[in-house]
Amino acid sequence: FLFVSAVEVKIEVVIPEKERSKEEMSPNGKASPLIYKVNGTARHYHLEEHPIASNPYHNPKDVVEASVCHVKDLENGQMREVDLGCGKALLIKESGEFHAVGHKCPHYGAPLVKGVLSKGRVRCPWHGACFNISTGDIEDFPGFDSLPRFQVRPLFLQQQRKSQNHSMVRALQTQRRTKMMAKCISLSNYNLSNTNVLIIGAGAAGLVCAETLRQEGFSDRIVMCTMDRHLPYDRPKLSKSMDSHPEQITLRPKEFFRTYDIEVLTEMQVAAVDIKNKTAVFKDGFKMEYNKLLVATGNTPKALSCKGKEVENIFNIRTPEDANRVVKLATSKNVVIVGASFLGMEVAAYLTERAHSVSLVELEEVPFKKFFGERVGRAVMKMFESNRVKFYMQTEVSELREQEGKLKEVVLKSGKVLRADVCVVGVGAVPATGFLKQSGINIDSKGFIVVNKMMQTNIPGVFAAGDAVTFPLALRNNKKVNIPHWQMAHMHGRVAALNMLAHGMEISTVPYLWTAMFGKSIRYAGHGEGFDDVVIQGDLDELKFVAFYSKSDEVVAVASMNYDPIVSKVAEVLSAGRTIRKRDVE
């Protein structure tokens, strides 16, 4: 998964002469040392809320040597950050062999040394992305890039140097790629109205699908189309970092799409799909034939249906412009947020320091009750109340009142009238699949596209991915589920691409998500729908806890706050197919 130049490093671990015979053979019988070549990149490094430098390897030299540790200092199953002089690497020892890869997760820059090492891969402690320690390849998401990997070779001390108890790291930096992305062959010869692969939607699922095709050597035409005006961007940022401009949250720059011949048609809406003739019909009448189709259109936010819904300054957060506009209008003003959803709560948290007042209206008794349970929900609610957010629970909006066409008041069914200059609506969403109703593609009663484990629909050559689908979740005995979260959309896109190429890959990932509020994050892994008990360890009042969600004595999900890397640990256990019982966590 290599898109920019990376660093090639030889890490040479010093072994005293008397230990040489013990260490010379690896557990699988192959001679050590192992030589690894570069296979990764360091693009898009960020802190959890703020970007950091994209290239962690500064001042490149031909060769860099550094003393790091004695071979005995690292036990099997241990990881350590080592300084290369030009940057850091993550040194890992597993099954008697040493590996070295980039030390930060390419998604938001989490320190991988604090993550979870298990069976040849390391899992990010923040958001659950997984990387192969031998190759650096990304194996689970979120994120789009793999880790740089470095050569590792034991360096044996000569007899006269026995007394030197350290390891030498020899770093050789190159500009080499070991896995090239394909490009489109003879793009100029193609008919504009014909493509081999058409991807409807340019979110995480669509982009990962396109990139995976190129990574696997696919060299025919790929076209992505989106109703958005922007290239694919980091959508979760819209509610977590609302003043981010489009260019700040773009997942790939324009040059990337040009380099790898991935065409993106912006502000283009598909109105219908003709399955028989393999043609997509756009709203403006344009038609495009395809060979393979991916539908990754996501969802459409629900609007309020009350009186006054057409009043100005009522927003669904769908685009960077929406988020930016809300921040501008909310500054020193009164904000009402309808819906204690992930989006609603994140927006409330973001606006508290900017707005004069923030009020949140919710039909349930406690925020996140169905997702995190009542006790965790109340702890989160208490945190919000201590940050000046006023809750109006077990009620809903009956009317939106205006003055000179702009929002002035929000009237609740309880009779309460709230002053409001801006209203943000976060009451859920519906799948954006209306254009498929007459297509013959199988859609369920709620509008979700039904796919199998390979992300295939009932129509040959037509795949679907992301928020708009239901798919069999291996974790829950292949129950058909809809999981509208960022990590899952990435994996859907990858699985769809591989099966367009007839790889026969089935999805088996463990769902992983997070929410960020007031500088704190809740991590979550698994699928807790229908949980009947919650076991909580830690202190809810201090917001340092882990919650295990069980159904019929089996732990089906976990959530934590200030308890890293417990969620990643549980995700690894579940990913291995192991069952966690309630008694194991009580």
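A few remarks follow.
- Magnitude of the charge dipole, region 185-341, Cβ model with Lys/Arg +1 and Asp/Glu -1, debye to 20: 460 debye
- The distance separating the Cα centre of region 205-234 from that of region 394-423 comes to 42 Å.
- Distance between region 276-331 and region 508-553 - C-alpha centres, whole angstrom: 31 Å
- Share of carbon and sulfur in the accessible heavy-atom surface of region 314-427 [1.4 Å probe, %]: 44 percent
- The label-point distance for Ser445 and Gln248, in a model that sets each label 7 Å from Cα toward Cβ, rounds to 4.5 nm.
- Global geometry of region 461-586, whether rounded, prolate or oblate, following the gyration tensor of its Cα atoms and the 1.5 cut on a/c: prolate
- About the centre of its Cα atoms, region 314-427 shows a dipole size close to 220 debye [charges on the beta carbon of Lys, Arg (+1) and Asp, Glu (-1) only; nearest 20 debye].
- Packing, as the average of other Cβ atoms within 10 Å across residues, places the peptides 362-371, 476-485, 417-426 in the order 417-426, 362-371, 476-485, highest first.
- Shape call, region 477-535: gyration tensor on alpha carbons, a/c limit 1.5: oblate
- If the segment from Lys119 to Asn76 were pulled out straight at 0.36 nm per residue, it would be longer than the present Cα-Cα gap by 14.3 nm.
- Extreme residue, positive dipole direction of region 413-548, given options Leu501, Ser439, Phe471 (C-beta unit charges): Ser439
- With every protein chain in place and a 1.4 angstrom probe, the accessible-area ranking of Thr331, Thr135, largest first, reads Thr331, Thr135.
- Rounded accessible area of Asp284 (nearest 10 Å², 1.4 Å probe): 110 Å²
- Segment Asp532..Asn387, full-extension length gain: 49.1 nm, with 0.36 nm per residue of separation and the alpha-carbon distance subtracted.
- Rolling a 1.4 Å probe across the protein heavy atoms gives region 181-298 an accessible surface of 42 Å² per residue.
The values are calculated or read from the model by the stated rules, or taken from the named source; none is laboratory data. In this text the structure is predicted, and so the values were computed from the model without any measurement. Please note: Cβ atoms are built from the backbone with ideal geometry, for glycine as well, and neighbour counts cover all protein chains shown. Heavy atoms of the whole protein, side chains included, go into the accessibility calculation; ligands, DNA and RNA do not. Shrake-Rupley method; radii C 1.70, N 1.55, O 1.52, S 1.80 Å.
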